[in-house]
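Working notes, structure below.
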Amino acid sequence: MSIPVRNIVFDLGGVLIDYDLQRCLDSFRKLGFTQIDRYVNPYTQNGFFAQIENGTVTPAQWYAMIDREVGHHIDPQRIDEALCSFLIDIPDYKLDMLRDLRRQGYRVFMLSNTNVIMFEWMKQHVFNKQGLTVLDYFDRLFLSYEMKMVKPDVAIFEKLLEETGIDPKETFFIDDSTENCRVAETLGISTYTPKACEDWSHLFK
């Protein structure tokens, strides 16, 4: 007899929220950041983009690092706009599904490599569009910049299991990175890796 799933862990970018990497790269280039490709990709950030994601620098420090990289000062608001241009939207059916899963008795978590700038933007412009807050959709959030660790480090998965007390064998993880899913599976967590722009809601029907 198979063990029932009781806990569902969602990645954010590429799973719940759609994104446009090229739009983000183009936005930074317009600011004079011509080497942006060295720092940003869909799954793992590099250099000081990794530092803002793992919470080891503050936004103010990060803005200063960008200024040094491009050789002149850029208004932080313009930097925020360029960074958040990466994000598009979460379709309403996904928000509805998250609430429905919780109503059915599943424990629903978010485990995301993200940064404080982008996540605050999502809270203000995406998760509130149904008149609710992000915590209406999840039992708990596990965010890289708060945890000071990032996927695919096994430690971030171990921390989630430790703090929630959930059984990995009763847990299902959805992430668009095959490496993140591979690491989760080493702990006994079942996984699914959706393709770009896939409607994976069939998993819960």
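The values are calculated or read from the model by the stated rules, or taken from the named source; none is laboratory data. What you are looking at is a predicted structure, and each value in this text was computed from that prediction instead of being measured. In this analysis, Cβ positions are derived from the backbone assuming ideal geometry, glycine residues included, and neighbour counts consider all displayed protein chains. Heavy atoms of the whole protein, side chains included, go into the accessibility calculation; ligands, DNA and RNA do not. Shrake-Rupley method; radii C 1.70, N 1.55, O 1.52, S 1.80 Å.
Within the group Leu160, Leu141, Leu135, which residue is touching a strand residue (DSSP E or B) at 6+ places or on another chain (Cβ under 9 Å), modelled with pLDDT of 95 or more, open to solvent by 30 Å² or more (accessible area, probe 1.4 Å) and in a helix (DSSP H, G or I)?
Leu135
Does the range 43-54 contain any residue that is open to solvent by 70 Å² or more (accessible area, probe 1.4 Å) and at pLDDT 95 or above?
no
Let's see how each residue does on (1) open to solvent by 40 Å² or more (accessible area, probe 1.4 Å); (2) without any contact (Cβ under 8 Å) to a residue 60 or more places away in the chain; (3) out of contact with any strand residue (DSSP E or B) (no Cβ under 7 Å at 6 or more places or on another chain):
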| site | (1), (2), (3) |
| --- | --- |
| Thr34 | yes, yes, yes |
| Val40 | no, yes, yes |
| Val57 | no, yes, yes |
| Val70 | no, yes, yes |
| Ile74 | no, yes, yes |
| Ile79 | no, yes, yes |
| Phe86 | no, no, no |
| Ile90 | no, no, no |
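So is Asp175 of a type in the set (Asp, Glu) and more than 24 Å from Thr44 (Cβ to Cβ) or not?
Here the answer is no, as Asp175 does not meet what is asked.
Just to be sure before I move on: is Glu120 acidic (Asp, Glu), without any contact (Cβ under 8 Å) to a residue 24 or more places away in the chain and not in a loop (DSSP other than H, G, I, E, B) in the structure I sent?
So Glu120 fits the description; yes.
Within the range 165-185, which residues are β-branched (Val, Ile, Thr) and either surrounded by fewer than 14 Cβ atoms within 10 Å (Cβ to Cβ) or over 19 Å from the mean Cα position of the chain (by Cα) (or both)?
Of everything in the range 165-185, those that are β-branched (Val, Ile, Thr) and either surrounded by fewer than 14 Cβ atoms within 10 Å (Cβ to Cβ) or over 19 Å from the mean Cα position of the chain (by Cα) (or both) turn out to be Ile166, Thr178.
For the range 186-200, name all the residues that are under 17 Å from Tyr93 (Cα atoms), surrounded by 13 or more Cβ atoms within 10 Å (Cβ to Cβ), out of contact with any Gly (no Cβ under 8 Å at 6 or more places or on another chain) and in contact (Cβ under 8 Å) with a residue 24 or more places away in the chain.
Listed by number, the list holds a single entry, Trp200.
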